[in-house]
Amino acid sequence: FFFFFFFLLSTTMLLRARTSIVSSLRGRSFSTKYNPDVLGVELGMNNSLAIVLNRPSALNALNLSMVKDLSKLLQDGEKNEEVQFYLVTGAEEKAFCAGGDIKALYDSGKSDGADAYQFFREEYKLNHLISQLKKPYVSLIQGITMGGGIGVSVHGKYRVAFPTTRVAMPEAAIGFFCDVGGSYFLPRLPNNIGYYLALTGESLHGYDAYDAGLATHFAEGDKSDFLAQTIKLEINELVAHLDATTPARGSASSRVPWELASKHFGKGTLFEIVESLQRDPSPEAQKALGKIRSHSPISLNVIFEQLQRGSKLDLAECLQMEYALGHKFLKSKDFYTGVASVLKIEPYTRPPVWSTTLEEVSFSQVQDFFAHDPSVETISFN
């Protein structure tokens, strides 16, 4: 679920962004009981339920209200015979969804944490719900798609990337961990690329997001053009169109660092990865090492362990593990150090000064994050 950076758009830009996407999707109104941050529109032309993440001033970042409404929309859609599939998109071109509100988590953690725990619980239930939908779920991930944005896309059946897509899981940079099912999908990406993304926090752009497996399809042009071409297509026709127009994976133009990930990121421990990178003088390896060294040592160790464990668990088990980890991280000094550095909350430092070094993190410190806590409730994923 990661952080987002607020990007203040002018009123004219906001109106244009809302109008351009919503007008493209205009159909029969599905419901009026959802708040304006999530706009549900049932398309009369192809019987899709279009869901627009409608917070362009915050790069469509998720809040608790949006998570709850999106869950309710999908649950209602499953019961509605007219709805044949779901089409999820952002309200403007810059972002699909840039994650979750880390300032709210920061503030909640500084208090009793109750609001943060509720957000985690509802968000993870939504992630699981998306994975279990009976009707196809299609997400158009144009623009910034980070953390929570990946969580509301990667668990769906179809994910369409565009040339401007930018996906990342950079939680280690703020002293957090890869949640929203990251324990499940990251270790299942090919050739250790999930470990590379989680530990370095690097982004994949455009075709590369598809090549790495975070998207199932890739469309040239922008999202508005895609919608104009496909707005009348029913789900089988849409999938056929995507299959026919998506290029093959493995293009020579791919910038996914397959060789780097394969050579260094499949080691049995985090320290072996670091040592392997240290021995490689190539610019790519040294850049990756520099990224890792800049992140919270506690986060890096926990992330490596969660991916190791998650590779043997199903999605529900991963999300439950992450819910418990969320409780632990709200008590971690590094989380508050990292968020303060990103959001410039006084007193802060840039770069952040972490509580320990990679070499100082002990096995027992990492295992403490995974120790059973009877106060953490079991999430009901029914």
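The values are calculated or read from the model by the stated rules, or taken from the named source; none is laboratory data. In this text the structure is predicted, and so the values were computed from the model without any measurement. Every residue, glycine among them, receives a Cβ derived from its backbone with ideal geometry; neighbour counts consider all protein chains shown. Accessible surface areas use protein heavy atoms only, side chains included; no ligands, DNA or RNA. Shrake-Rupley method; radii C 1.70, N 1.55, O 1.52, S 1.80 Å.
The label point for Glu272 and the one for Thr356, both projected 7 Å from the Cα toward the Cβ, are 2.1 nm apart. Working note: Karplus 6.51/-1.76/1.60 with θ = phi - 60° gives region 65-81 the couplings 4, 4, 4, 5, 5, 5, 4, 5, 4, 5, 5, 5, x, 5, 8, 8, 5 Hz, where Gly and Pro are set to x.
Check which residues have an amide H placed less than 5 Å from Val88's amide H, if you skip close sequence neighbours. It is Ile51, Val138, Ser139, Leu140, by chain and number.
Under a Cβ-only charge scheme (Lys and Arg +1, Asp and Glu -1), can you give me the dipole magnitude of region 291-350 about the Cα centre, in debye to the nearest 20? Can you show the working numbers first?
Details: 9 positive and 6 negative charges, 61 e Å.
Using only the charged Cβ atoms, the result is roughly 300 debye.
Using the Cβ-Cβ distance between Ser251 and Glu317 with R0 = 30 Å, the FRET efficiency computed as 1/(1 + (r/R0)^6) comes to roughly 0.30.
For region 138-286, what is the convex hull volume of its Cα atoms per residue in Å³?
Details: hull volume 16.5 nm³, N = 149.
So the per-residue hull volume is 111 Å³.
The stretch between Lys103 and Ser65 holds 12.1 nm of extra length on full extension. This uses 0.36 nm per residue minus the Cα-Cα distance. Other residues within the sphere of radius under 15 Å centred on the Cβ of Phe363, judged by their own Cβ, net out at -4 (K and R +1, D and E -1).
Straight-distance candidates among the aspartates and glutamates for linking to Lys94, with alpha-carbon spacing under 17 Å and chain neighbours fewer than 8 residues away dropped: Asp37, Glu220, Asp222, Asp225. Once the C-beta distance of Glu202 and Asp76 is scaled by a Förster radius of 41 Å, the resulting FRET efficiency is 0.60 to the nearest 0.05. Convex hull volume of the Cα atoms of region 270-353, normalised per residue: 119 Å³.
Largest GNM mean-square fluctuation across His217, His264, His295, computed for the chain with C-alpha springs under 10 Å, falls on His264. Per-residue extension of 0.36 nm, minus the Cα-Cα distance of Ser224 and Lys134, leaves a gain of 29.7 nm for this segment.
Result for the chain in a Gaussian network model with C-alpha springs under 10 Å: among Glu78, Glu284, Glu123, the largest mean-square fluctuation is at Glu284. Here region 288-337 exposes an accessible surface that is 56 percent carbon and sulfur, computed with a 1.4 Å probe and the other protein chains kept in place. As a calculated quantity, the FRET efficiency between Ser262 and Ser294 at R0 = 35 Å, using C-beta atoms, amounts to about 0.90.
Considering only Arg279, Arg255, Arg121, the Gaussian network model of the chain with Cα springs below 10 Å gives its largest mean-square fluctuation to Arg279. Dimensions of region 59-218 based on its C-alpha atoms, expressed as ranges along the principal axes with the largest first, amount to 46, 35, 29 Å.
What fraction of the Cα pairs in the chain, stated in percent, has a spacing above 30 angstrom? Walk me through the numbers on the way to the answer.
Details: 26648 of 72771 pairs.
Summing the P(r) of the chain above 30 Å gives 37 percent of all pairs.
Think of a 1.4 Å ball rolled over the protein heavy atoms: region 232-318 then has 52 Å² of accessible area per residue. Close amide H partners of Arg166, meaning residues 5 or more places away or on another chain with modelled amide H under 5 Å apart, are Gly143, Ile144, Thr145, Gly206. Couplings for region 358-368, taken from phi via the Karplus curve 6.51 cos²θ - 1.76 cosθ + 1.60 with θ = phi - 60°, read 4, 5, 8, 5, 9, 4, 5, 4, 5, 5, 4 Hz in order; Gly and Pro are left as x. Subtracting the Cα-Cα distance of Thr164 and Ala371 from 0.36 nm times their residue separation leaves 70.4 nm of extension gain. Distances between placed amide hydrogens fall under 5 Å for Ala215 paired with Tyr210, all partners being 5 or more residues away or on another chain.
Just for the chain, what percent of DSSP beta bridges are antiparallel, to the closest 5? If you can, show how the numbers build up before the last one.
Working: 9 of 30 bridges.
Expressed as a percentage, antiparallel bridges in the chain total about 30.
Comparing Ala58, Ile235, Tyr323 along the charge dipole axis of the chain, the residue lying farthest to the positive side is Ala58, per the Cβ-charge model. The peptide list 133-139, 56-62, put in order of mean Cβ contacts within 10 Å with the highest first, becomes 56-62, 133-139.
Per-residue Karplus couplings for region 204-213, computed as 6.51 cos²θ - 1.76 cosθ + 1.60 with θ equal to phi - 60°, are listed in order as 10, 10, x, 3, 5, 4, 6, 4, 7, x Hz, Gly and Pro entered as x.
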